Amino acid sequence: MLYMYASNSYSSDKATKCDEFAAHPDDPGKWAAGVEDSKLVLGPAVIYCQQALNEYPDTPRFQFQLGRVFYLQGKASEAVDSLVLAAENNYLPAYYYLASILETGVLGEVDMETAETYYSNAIEGGFEIARQAKEDMLNGGAVMEEVVPLADSNQQYVSQQTSLGSSPEKRQKSFSPSGFEYGRLLQSLYEGDFEIIDAIAKERSIFIYLEKIVDIYSQSFVNNDPNGDCEYYASVELGDRVRYKAQGLSSAGRIQSDQLAQAGNIVVSRIQAMLNGRMIDVFSDIAQSEQRRERYVKHAERDASMLAKLYGCKSPVFIHLFDNLEAYVYGKAPDHVSGLTAIRHHCKASAMSKGGSEEESFLVCGCFAAEFDKIGVDRDEINWLGKNYDQGKNFMKLTQKYKGLHEKISECLF
């Protein structure tokens, strides 16, 4: 299968906001620098990519980028619709996310054989991150090899053999989602961004992952850590509360028990019917459900090990994560909130008080926060504004200090 990016295959002849907000850094066909999964601002990205497709419906890169955003929102069914269109138009990176959907079984079906083929298609298209994903799948989600690369090139590489009692100077001072299976979820916990967690938690299987994380720190790490760093987190009650939360018995916006059947509709069969012509054996649901659970458990084991090795169980990062996890599952406000999260929440409250809808306020303020991050506003200044937020003097003072930021903020008011 050839990977073609011929210019005449596009209706759009210029980069758009969809490219700016949703292009993938590793996509050979991208028309912008690209945004990592963990830094993608989902609300505005959806709006911009839908607008781009309305104007240029035959542009496969927009189909891919919208599908990617839906995937990261936890809207797997919508993601499949867009990704299949991109794949049919020979946009091979789309196969990466289709492969992940089949590998993890987020729509109720696991098909490792087809997932392997799809990863190979993405690799053929130059989407290099698919290579590691395919290798991890074939190795059963094995723990990473010798070193773990961190997001900041100036940070040290940390050996997989580092003990839980390793020296503090080898541990990182702030959380980076790079390298984690569920880095976006962990980052949202660290930052106290419960709205993002709610969006991710619409796929209820994620609670299998969280439950296993809690179980690991309350058992194996306590028993094997000579310094006893993790003993503070040996909370049976917290694990029970995660399980309770997973049952969909709490706040609106999360999948409730009577919706579970709908979440299991086999949209994956569309992928296979359209791209492989193969049918799914519906009688394998139980076995596939167990496979899906095993995958989440393995991801949790990998992330738990990496988290302790990079940060240590008494670090502010670790404490913030677990304090906020406890607050989340008990339905409380986060104990620790990052400056960007605080800015977005204050902005949203201000916009709604002036008559803006909740959805529009969320999208616009999410765009504000993303531009602060993209421009590289100093973290101390972000934290200061988070604590001293207003829509006037303080906000304007900071946005006008950084070249181009005020203009970017204005563009968010779409």
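The overall shape of region 12-138 is prolate: from the C-alpha gyration tensor, with semi-axes ordered a ≥ b ≥ c, the ratio a/c is 1.5 or greater and a/b exceeds b/c.
Shape of region 311-414 from its Cα gyration tensor (a ≥ b ≥ c, root eigenvalues): rounded if a/c is under 1.5, otherwise prolate when a/b > b/c, or oblate? Oblate shape, in that a/c is at least 1.5 and b/c is the bigger or equal ratio. Note down the nm distance, to one decimal, between modelled labels 7 Å out along Cα→Cβ at residue 381 and at residue 410. So the two model labels end up 1.9 nm from each other. Residues whose amide H lies under 5 Å from that of residue 75, counting only those 5 or more places away or on a different chain, are absent; hydrogens are built 1.01 Å from N in the peptide plane.
Protection proxy ranking, highest mean first, for peptides 316-328, 377-389: 316-328, 377-389, where packing is the per-residue count of other beta-carbon atoms within 10 Å, averaged.
Peptide packing: for 89-99, 297-307, the average count of neighbouring Cβ atoms within 10 Å per residue gives the ranking 89-99, 297-307, highest mean first.
Rounded if a/c is under 1.5, else prolate if a/b beats b/c, else oblate: with a ≥ b ≥ c from the C-alpha gyration tensor eigenvalues square-rooted, which is region 356-397? Oblate, because a/c is 1.5 or more while a/b does not exceed b/c.
For region 93-104, the Karplus equation 6.51 cos²θ - 1.76 cosθ + 1.60, evaluated at θ = phi - 60°, returns couplings of x, 4, 5, 4, 6, 4, 4, 5, 4, 6, 5, 8 Hz by residue, with Gly and Pro reported as x.
Values in this text are rule-based calculations from the coordinates and carry no lab data. Here the structure is a predicted model, which is why all the values come from computation and not from measurement. Backbone-built Cβ (ideal geometry, glycine too); neighbour counts: all protein chains shown.
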